[in-house]
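Notes for the one structure printed next.
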Amino acid sequence: MSSMFNKILIANRGEIAIRIMRACRELGIETVAVYSSIDKNALHLRFADEAVYIGESEPQKSYLNIDNIIAAAHQTGAQAIHPGYGFLSENSLFAERCLQENIAFIGPNPEALRLVGDKIVSREIVAQYNIPVIPGMENKTTSIDECIAFAEKYGYPLILKTSAGGGGKGMRIIRSKAEAKSAIEAGMREAQTTFGDPSVYLEKYLEQPRHVEIQILADNSGNAVHLYERECSIQRRHQKIIEESPSVILDSDLRRRMGETALKVAAISGYSNAGTVEFLVDSDNNFYFLEVNARLQVEHPVTELVTGIDLVHAQLRIAAGEKLWLNQENIRQNGHAIECRIYAEDPARNFLPSAGKILFMQEPGGPGIRHDCGVITGSEISVYYDPILSKLISWAPDRETCCKRIATALNDFPILGIRTNIEYLRDIITHPEFSKGNINTGFIDRYMADWQPKSESAVIDRAVIAAGLYGGLNDARKMNTAGSPEIPSPWEMLGDWRIGSRK
Amino acid sequence: MDFEFVVDGKIKRLSLNSGTLDGFYDAVYDGRPVKFRASSFQSNSLTLILDGRVTTAHIAESDGRIFVYISGKVVELGVPKSTQNEYSKEMVEYGAQDKISAPMPGKIVKILVEIGETVKPKQPLIVLESMKMENEIKSTIDGVVKAIKFNSGDLVGPGQTIIELSRLTE
């Protein structure tokens, strides 16, 4: 089969659902959105041709509810399901179920998904092929004693990881025997509450490595290419917040070797569709295989902007059975791209998630600016899901211009009513060490630990004047329109005025 | 109109004294006289020209907190306890219903009533021109015109009382 789908269901929400729906529209494919109770007015529904309710707001009852999603696909006649990222995207049971139900799963085949989904097994397998890996325990465990025995034998520092994990949840750095027991206990508790599985394992901890990953595309017959690297070293609590491509530390030789290694991992695991092979790179530019992310990643746009290849289009074509149409030697990196993840959280108050209604939002624009966004003025941000609102991405011919572009866009991006990390991101992008490319996974702890928004008196003065004027005029409007709705708001009347001209 | 806001724990005072038809305002901010020009291109957003510098502010209000976005920063303003509802206090005076005031800077085109005249809700009282548009200001109560403070052709600032009514009670 190599004819494109007519209709697909997107088993996700927010910016990624919209991103995928746009790609489908471009290819003339109809889309089915799914939504939970609290998402009945969510933005992603407006980008779909059909929408199906799949359950209550808790993810387990809706976006993780395999039966309801499969039923929605049958009900609407969707031929395929795109899982986006998160939720069911790396769930091999879901991928298998789709196959059984004769629905195409837009992602890797279930066998590859299962293999790379087990972080320990995949590390042991690729190590057999002489791919450098980070040494660690050879099995997951729920035994604290077993962890401590390994730590005493292997030595510190170590990093505790959850077997089921992702997104940095449950991760702990352990530097000595004294802190080992409590860190392991805490990690297991977090793994249990987050993933329902307390299994953990220990790995050698590299001090402040860089996180560099390679995007791959593989068809269903084993043909594969890589789309070069993404540098994702700017992480807060093991979660990426800024990603870019290319990486400043890769020379052509290292880039070629990492790309070839990623393709080797794809071949070993029988991988298909889009995926990412993650590596850590130490200060001597040695790289170590970390894991495979078997999905479309949050940070995929930076690769799209530098290679010109639409990854969602590619996923759909591969899933529809098309043979890979790309040749490695024709794939080039052009210019530089940076992505910032915009979250509903308050960096000034320990990054507490910020729920509520977006009272006002205005997207930035200009040359080289892309905004993959899941919200709009009036959107309600709930506590049920990941607090990502959107991704702001810039492209420019060189890194310096790219940094300036995204900093300028971050500086002209009002979101009011909820708190966001926009100002925090701008302060990272404009940090002198970031500008120089001196970044690694320790950047946030080292330079941003005590970050607070700077208070500027000139801004405060203008804010007070603006608030007074707004309050006065707005109250006047409220009072007047209450009695006589045909009186237009003073805003509309003031609107005639333009800089440099008096009408 | 007088305002008090709390920013970073400090009280900031602003008196908006007068505004003119083409958007010039006189105000006293933190004890200093300031002159600025203001315009708005969309609801929630306004542009100030103050000391020659252009500032665009985006503003939203929720639960008595006011959020103002300027130059990449969000400033949060509160209303002090002692003068809580400064907005609404102004509004009461403004919207006291027996005091008919200018909702925006403008020129009085016509006063449609005379002293002693009985008025009904929704009856037009004043025609005010602002930004080349004429707007009727209407009564919201049953009342009798007690005082008329301006004449046709006068310029009025936001909040200035133009007509006073005596409420007719049942």
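The values are calculated or read from the model by the stated rules, or taken from the named source; none is laboratory data. Every value quoted in this text rests on a predicted model; they were computed, and no experiment measured them. Cβ atoms come from the backbone with ideal geometry, glycine included; neighbour counts cover every protein chain shown. Just so you know, the surface numbers come from the protein's heavy atoms only, side chains and all, with ligands and any DNA or RNA stripped out. Shrake-Rupley method; radii C 1.70, N 1.55, O 1.52, S 1.80 Å.
What to note about this one:
- The length gained on full extension between B:Val54 and B:Val34, counted as 0.36 nm times the residue separation minus their Cα-Cα distance, comes to 5.7 nm.
- Axis of helix A:66-76 versus longest Cα principal axis of chain A: the two differ by about 60°, to the nearest ten degrees.
- Coarse-grained scattering of the protein assembly as shown at q = 0.08, 0.11 Å⁻¹, given as base-10 log I(q)/I(0) from a Debye sum over alpha-carbon atoms: -0.71, -1.10
- Of the accessible area of segment A:245-312, computed with a 1.4 Å probe over protein heavy atoms only, carbon and sulfur atoms account for 45 percent.
- With the highest mean first, a sort of the peptides A:419-428, A:303-312 on other beta-carbon atoms found within 10 angstrom per residue produces A:419-428, A:303-312.
- Dividing the helix sum by the residues of chain A, where each DSSP H run of 4 or more adds -39500 (n - 2.57), gives a mean residue ellipticity at 222 nm of -10500 deg cm²/dmol.
- Expressed as a whole percent, the accessible area of segment A:135-204 that falls on carbon and sulfur atoms is 50 (1.4 Å probe).
- Modelled label reach - B:Glu76, point 7 Å along Cα→Cβ, segment A:348-375 residues with backbone N closer than 14 Å: A:348-357
- The solvent-accessible area of A:His238, taken with every protein chain present and a 1.4 Å probe, is close to 60 Å².
- FRET efficiency estimate (nearest 0.05) - Cβ-Cβ, A:Glu456 to A:Glu124, R0 56 angstrom: 0.55
- Taking the Cα centre of the protein assembly as shown as reference, the dipole from Cβ charges on Lys and Arg (+1) and Asp and Glu (-1) amounts to some 820 debye.
- Here A:Gln333 and A:Asn223 are evaluated by their C-beta separation; at R0 = 25 Å the FRET efficiency comes out at 0.75.
- Label-to-label distance, B:Ser18 versus A:Asp346, with points set 7 angstrom from Cα along the beta-carbon direction: 4.3 nm.
- Rounded to the nearest 100, the interface formed by chains A and B buries 5400 square angstrom of accessible surface, both chains summed, with a 1.4 Å probe.
- Label positions at A:Asn6 and A:Lys40, each projected 7 Å from the Cα along the C-beta direction, are separated by 3.1 nm.
- Antiparallel DSSP beta bridges within the protein assembly as shown, percent to nearest 5: 90
- Extension gain for the segment A:Asp49 to A:Arg175, taken as residue separation times 0.36 nm less the Cα-Cα distance, is 40.0 nm to one decimal.
- Taken as Cα centroids, segment A:260-310 and segment B:35-64 sit 46 Å apart, rounded to the nearest whole angstrom.
- Karplus 3J(HN,Hα) series, Hz, for segment A:78-83 with 6.51 cos²θ - 1.76 cosθ + 1.60 (x for Gly, Pro): 5, 8, 8, 10, 9, x
- Since only A:Leu64, A:Pro110, A:Gly77 are under comparison, the one whose Cα sits farthest along the positive direction of the charge dipole of segment A:1-151, derived from C-beta charges on Lys, Arg, Asp and Glu, is A:Gly77.
- When A:Tyr228, A:Tyr447, A:Tyr53 are compared by accessible area of protein heavy atoms, the largest-first order is A:Tyr53, A:Tyr447, A:Tyr228, using a 1.4 Å probe.
- Computed from label points 7 Å out along Cα-Cβ, the spacing between B:Asn151 and A:Asp398 is 6.9 nm.
- Rolling a 1.4 Å probe across the protein heavy atoms gives chain A an accessible surface of 40 Å² per residue.
- Per residue, in Å², the accessible surface of segment B:96-167 once ligands and nucleic acids are set aside, probe 1.4 Å: 45
- Accessible carbon and sulfur surface of segment B:96-167 relative to its total accessible area, %, 1.4 Å: 45
- Distance between segment A:171-239 and segment A:400-440 - C-alpha centres, whole angstrom: 25
- Protein-only accessible surface at a 1.4 angstrom probe places the residues A:Arg236, B:Arg167, B:Arg53 in the order B:Arg53, B:Arg167, A:Arg236, largest first.
- Take every Cα pair under 8 Å whose residues are at least 6 apart in sequence, average their separation, divide by the length of chain A, and the relative contact order is 13 percent.
- Peptides B:34-43, B:114-123 ranked from most to least packed by the mean count of surrounding Cβ atoms within 10 Å: B:34-43, B:114-123.
- Helix A:252-269 and the longest principal axis of the C-alpha atoms of chain A enclose an angle of approximately 70°.
- Take each residue of peptide A:446-457, count the partner chain Cβ atoms within 10 Å of its Cβ, and average: the result is 1.
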